[in-house]
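Asker: Structure provided below as structure tokens; questions to follow.
No lab work stands behind these numbers, since they all come straight from the coordinates. On a predicted model such as this, the values are computed, not experimentally measured, just so you know. Note that each Cβ is placed from the backbone with ideal geometry, even for glycine, and that neighbours are counted across all protein chains shown.
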Amino acid sequence: WSPFVVSAPGKLILFGEHAVVYGKAAIAGSLDMRAYALVTPRADNKARMVLPDIDVDVLFDSHTLPLLQSTSLSHPSEVEALVPDSINIPEGPGRTAVLTFVYLYGCIFAERDRNTGFTICVRSLLPVGAGLGSSAAFNVALSATLLQLTGQLREEGAGAGDRKLINQWAFHGEQVAHGTPSGIDNSVATYGGFLKYVKGEPSVNLESSHALRVLITNTNVPKSTKALVAGVRALRDQHPSVVDGILDSIHSISISAAALFQSVGEDEAYLERRMQDIIRINHGLLFTLGVSHRSLERVREITAARDLASKLTGAGGGGCALTLIPGGIAGDDVEVVVREMESEGFCCYQTVVGGGG
Ligand code: PMV
């Protein structure tokens, strides 16, 4: 076989974070920042995974690989016990990546009598731990690679059936990485575009013909999704009807956003104005839930001074904010905003949301 490249995008939660935990709708879109896997054959039947961005270079020899293939795992959390002593597991994100590889390789190659030696090298434009779905992009690229190597993908370029399979395996990879993921990140990375997501239901591709220009600002303030989700829960326990009202409003915002994405015939300027309204309202509601942070408020102030709308994206408490960049704004004006953010110690990415999976 010939070398091949697989890539998958990161994700941006546009509307509905936190409310989605309580069964409300969220809207997410794919980023034009992607993870790229280059897969090359090797003659020695070994498997090597190289992730230069996070200092991973592991080699599984031809004794280890059949062991991984023959062990049946009932749950991704059991994978740790499987890693052979000969493999030096790094700390941090590299550790998660190696465990995910062991799990997905073991499952996808299971009972397939294939001595396929390969090297997979993954590079990513997505910052790790910023809530932009870097692990899901990696898991989708890795799942697609392993399915391709075992001859399980039928359609060139991944058709609907293939994507369903890729998405299922990438979700298991996310379980290794995050324990109990919602599934939104891997769905966006697999299908691309804009998705409406409700917990426990299959995600709905909004089939939008729009793409959004968005400035993502990483405040570089570390956040704990778990602690922030717990904070909202504690507030809701104290004030159930007040907080439920806020969560219902966020749900209505997601529904309005879905309608805007699916609208045809409206001019872009009208859509952008309505989108800016709901971005501002959604951020205000998240602020009242206690999940903003002074760094995120700084982003909001800097952009509001230029009539631009921003909101936090993901868990909040730091992490990233998004700012809609309307079509009419000059590139130089965006640069001025970027410089102002950088002087605060933030880091910006000019992106387009809604591209392919
Ligand atoms: O931390 P992130 O950016 O992956 O986003 C978390 C989103 C929440 O709604 C706060 C939690 C969740 O599980 O949906």
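Asker: Provide the gained length on full extension for the span E91 to E342, in nm with one decimal, where the gain is 0.36 nm per separating residue minus the Cα-Cα distance.
Answerer: Details: separation 251, 0.36 × 251 = 90.36 nm, distance 2.95 nm.
Result for the pair: 87.4 nm of gain on full extension.
Asker: Between region 1-33 and region 313-347, what's the alpha-carbon centroid distance in Å?
Answerer: Measuring centre to centre over Cα atoms gives 20 Å.
Asker: Over 21 Å between Cα atoms, which of K164/K223; K196/K223; K24/K164; K11/K196; K11/K164 qualify? Walk me through the numbers before you get to the answer.
Answerer: Working: K164/K223 32 Å; K196/K223 25 Å; K24/K164 24 Å; K11/K196 13 Å; K11/K164 18 Å.
Among K164/K223; K196/K223; K24/K164; K11/K196; K11/K164, the Cα-Cα distance tops 21 Å for K164/K223; K196/K223; K24/K164.
Asker: Angle check, please: helix 134-149 long axis (alpha carbons) against the longest principal axis of the chain (alpha carbons), in degrees 0 to 90, nearest 10.
Answerer: 30 degrees
Asker: Now for a different question. In nm, give the distance between the simple-model label positions of C121 and V242, each being 7 Å from the Cα along the Cα-to-Cβ direction.
Answerer: Roughly 5.6 nm, to one decimal.
Asker: Related question: Given the peptides 138-148, 174-184, 197-207, arrange them by the average over their residues of other C-beta atoms within 10 Å, most packed first. Present the calculation step by step, with values, prior to reporting the outcome.
Answerer: Numbers: 138-148: 26.6, 174-184: 19.0, 197-207: 14.9.
Highest mean packing first, the order is 138-148, 174-184, 197-207.
Asker: Using packing as a proxy for protection, rank 230-240, 25-35, 286-296 so that the peptide with the highest average count of other Cβ atoms within 10 Å comes first. Numbers along the way, then the final one.
Answerer: On the way: 230-240: 13.8, 25-35: 25.0, 286-296: 19.6.
Per-residue mean Cβ counts within 10 Å order the peptides as 25-35, 286-296, 230-240.
Asker: Sorted by packing (mean other beta-carbon atoms within 10 Å per residue), highest first, where do 341-347, 40-46, 297-303 land?
Answerer: 297-303, 341-347, 40-46
Asker: If R₀ is 25 angstrom, what is the calculated FRET efficiency for the pair A304 and Y270, using the beta carbon separation as r and rounding to 0.05? Before the final figure, lay out the partial values.
Answerer: Values: r = 21 Å, r/R0 = 0.84.
For A304 and Y270, the calculated efficiency is 0.75.
Asker: Using only Cα atoms, tell me the angle between helix 160-178 and the longest principal axis of the chain; keep it within 0 to 90° and round to the nearest 10.
Answerer: Its long axis makes an angle of about 90 degrees.
Asker: OK, next. Tell me the angle of helix 268-288 to the major Cα principal axis of the chain, expressed in degrees between 0 and 90 and rounded to the nearest ten.
Answerer: Value to nearest ten degrees: 90.
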